[in-house]
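Worksheet: the structure to be examined is printed underneath.
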Amino acid sequence: MPPPKDVVKIAIQMVGAIPQLIELQQTKPLASVLKDVCDAWSLPNAERYALQYADGRQTYITESNRRDIKNGSILRLTTSPDQEAEQLYIGIQSKNVDVKTDSLKKLASLSQDITFAQEFISRNGLKQIYSIVEEGNDTGEMLAHTLKAFTELMEHDFVSWENLSTVFIKKIVSYVNMNAVDASIQQLSLSILENMVPTSRLLFEVVKKEVTLDRLLTHLQATNAQLQLKAMALLIALLLSATDAERRDMMDYLREKNIRQFIHKNIIHSSEPLGDEMAHYLYVLQSVSLNLCEHRMKMSMDPYSQEQRDLLQSLRQSAFESESEVPAGTFSTERRRSLCAKEFRKLGFMNNSNPAEDLRRAPPGLLALDNMVYFSRNTPNAYSRFVLENSSREDKHECPFARSSIQLTLILCEILHIGEPCSETAQAFYPMFFGQDHFFEELFCICIQLVNKTWKEMRATQEDFDKVMQVVREQITRTLNLKPTSLELFKTRVNALNYSEILKLRQTERLHQEETLAVPVLELREKLKPELLELIRQQRLLHLCEGTLFRKISSRRRQDKLWYCRLSPNHKVLHYGDVEEGVQSPPIESLTEKIPVADMKMLLVGKECPHTKEKSSGKQNKDVLELAFSIVHDVEEYCLNFVAPTRYEFCLWTDGLNVLLGKEMTSERTQTDLDVLLSMELKLRLLDLENISIPDDPPPIPKPPSNLNFCYDFSQAEQ
């Protein structure tokens, strides 16, 4: 008979004693449980002791988290958090260097626990840490432990970062700015400043002033990968916290220092594989840089602005230079206006008498004008060829340069997500972005020539404009998905993907998606579904058995902490636990936490999850919402919260958990996999019927014969 839900069987260890096997009554006060455990070992003063997990993060057991204890858990009797906090508070003030170092080392380890952190902070322990840093007498290992302990204590958000003294901040800054400092201290200092920057405008200004971009670039060029990562993290934090004007100035300075080229050569193409954290920071840097175009993208053209009108006239003059050189007195004002209107029409403006009207739409606004001017000035031959070539075509077949440029600019803004906020988790950056200055403009120059090429391949007329731009969007998107490493490679691949290739790809994809709609085939399809759904279920469970590495994400910043979860081979228990960076597939024995599948009650996804509700609604991130899911387990309905690394993992895990719960698989991946498997199976089954039309109705069954005398009688033959 299974034990009651409020009773768990556990083991309790103590150094130098035989372990106790007890049945823990969850309704019994923890103080009484501790008293019984201490009495069994004849230990006085039970209030000085506490229980903590023997494995993993060794969290202290409290009344608030005791319900997380599972059957078979191994606990350890240890000094209570308040006693430990008191001892370490005294230890870090010791004059004995060894005692002080050991105390700080232990403090750095225990500070990860929220119960201990609360006790230590309540004794004004942070003040002692401030003193150790501000006095600056301790260096090396002792200082590293101090900074680590400070970081862990601040992680619990009991104390505001704004309470830090100027002396403390300047000391941390000095460790970043000094050359002769241990790399581990510089890493911790950079991490502290990264956490500090987003909390207030004042702290941002202090850090921005004290830690120069030149200094960050020096750390970014270090051979130490962790130091490089922390420097990038602080740089990104500064960029995200800056105003638009400050961000633009910072990006201009970084461009002068050739940061893109350095990243392209030494980070993206480094011999070391690119980690998830660095990939995310490169994505943010790319996004911040591209979003500098947002201002021009949202600004409509002002027909009264002389500067903007001059830019517009420069397009006409560059294309029709010889005609524009006619002396002013040769034509009347009316004749000249008519000539200009004709030239603007040849340029492809819809409103040739007042071309500024074409640029009133925002987006793409003035960004389209900037792109056209860049194209005309930096590739004048290609520009002239585009305009003059289309001027000589029949009216209905000419490709309108201006109209195409405006629409293409809008398409590129949408593809590159210009004007959209940065995702907290995305890692999708384009390597070629970091290999090219003026990336957006250069990309436009390639793509506007692609428009002209595709227009000719499609033999398009003005009525086909939207169709051509749709094909161009597809060409660009498909090529970007290949992640070309340079713009030259992008240019080669996108030009190879001509209209004929697009049609072939579309046809292939359509054939994969479409199935014969004959009634017999539909009936066969329905008969095959249960078998193939069972195959998908088994695949989902196998994926859960292999397990997945999940990343912990707090509401305040992206975390380095990882944990792993996997299903036992017999599909009865979910094992999970914290793991270190670099561990790909930990053995199931090392995952100390367990949830019996029988205790799982339901699966929550998206906004229903408790860990998405905890985050402030104003800053809620769409990507995290789409990847979040939770398992509700036990009678008390505790939750194990997940944020999947990718949409693919989200689909496989939610499907697998639904299978364990005896429910239908609901993810979009299930339908995709089922369609693929059905398509393959149907094609194999119908292979012999190729080029044979399948009737909607089966052929009629003939009437039975009037007699069966035609049947051969074998018995007579044997005689």
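Quick rundown of the values:
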{"item": "Estimated distance in nm for a label pair at K527 and T151, the labels positioned 7 Å out from Cα along Cα-to-Cβ", "result": "6.3 nm"}
{"item": "Built amide H within the under 5 Å cut-off of Y49, gap 5+", "result": "S80"}
{"item": "Under the Debye formula (equal points on every Cα, no solvent term), log10 I(q)/I(0) of the chain at q = 0.05, 0.08, 0.11 Å⁻¹", "result": "-0.40, -0.87, -1.28"}
{"item": "Percentage, to the nearest whole number, of Cα pairs in region 153-258 over 15 Å apart", "result": "61 percent"}
{"item": "Rounded to 5, the percent of DSSP beta bridges in the chain classed as antiparallel", "result": "95 percent"}
{"item": "Exposed chymotrypsin sites (Phe, Trp or Tyr not before Pro) absent - longest run of the chain, DSSP non-H/G/I/E/B, at most 14 other C-beta within 10 Å", "result": "332-709"}
{"item": "Cα-based Kirkwood hydrodynamic radius, region 280-424, one decimal, Å", "result": "16.5 Å"}
{"item": "Where T666, T78 fall by accessible area, highest first, once all protein chains stay in place (1.4 Å)", "result": "T666, T78"}
{"item": "Rg/Rg_ref, region 530-671, where Rg_ref = 2.2 N^0.38 Å and atoms are Cα", "result": "1.02"}
{"item": "Where trypsin sites (Lys or Arg not before Pro) fall in DSSP loop in region 1-84, at most 12 other Cβ within 10 Å", "result": "K5"}
{"item": "Value at 222 nm in deg cm²/dmol, rounded to 500, when DSSP H runs of n ≥ 4 in the chain each add -39,500 (n - 2.57)", "result": "-16000 deg cm²/dmol"}
{"item": "Percent of C-alpha pairs per 5 Å bin, region 242-361, short to long", "result": "2, 9, 13, 14, 11, 9, 8, 9, 9, 7, 4, 2, 1, 0"}
{"item": "Those aspartates and glutamates that a straight Cα-Cα span of less than 14 Å connects to K504, excepting residues fewer than 8 apart in one chain", "result": "E474"}
{"item": "Overall dimensions of region 203-283 as given by Cα atoms, namely Rg and Dmax in Å", "result": "12.5, 36"}
{"item": "Karplus-derived 3J(HN,Hα), 6.51/-1.76/1.60, for each residue of region 349-356, Hz, glycine and proline x", "result": "7, 6, 9, 6, 6, 9, x, 4"}
{"item": "Shape box of region 152-199 [Cα atoms, principal axes, largest first, Å]", "result": "33, 20, 16"}
{"item": "For region 106-138 versus region 409-455, the gap between their alpha-carbon centres in whole angstrom", "result": "48 Å"}
{"item": "Carbon + sulfur, % of accessible area of the chain - ligands and nucleic acids excluded, 1.4 Å", "result": "51 percent"}
{"item": "Within region 437-503, trypsin sites (Lys or Arg not before Pro) in DSSP loop having at most 11 other beta-carbon neighbours inside 10 Å", "result": "R459"}
{"item": "Quotient of C-alpha Rg and 2.2 N^0.38 Å, computed over region 7-79", "result": "0.99"}
{"item": "Region 85-283: translational diffusion in µm²/s, Stokes-Einstein, Kirkwood Rh over Cα pairs, 20 °C, 1.002 mPa s", "result": "120 µm²/s"}
{"item": "Partners for K342 among aspartates and glutamates (Cα-Cα distance below 12 Å; same-chain residues under 8 apart left out)", "result": "E323"}
{"item": "Cα-based reach from K622 at 27 Å (exclusive), listing lysines while leaving out same-chain residues under 8 positions away", "result": "K230, K298, K483, K552, K561, K601, K607, K613, K663"}
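The values are calculated or read from the model by the stated rules, or taken from the named source; none is laboratory data. Since the structure is predicted, the reported quantities are computational estimates derived from the model, not experimental observations. A quick note on method: Cβ atoms are made from the backbone with ideal geometry, for glycine too, and the neighbour counts reach across all protein chains shown. All accessible areas refer to the heavy atoms of the entire protein, side chains included, with ligands and DNA or RNA removed. Shrake-Rupley method; radii C 1.70, N 1.55, O 1.52, S 1.80 Å.
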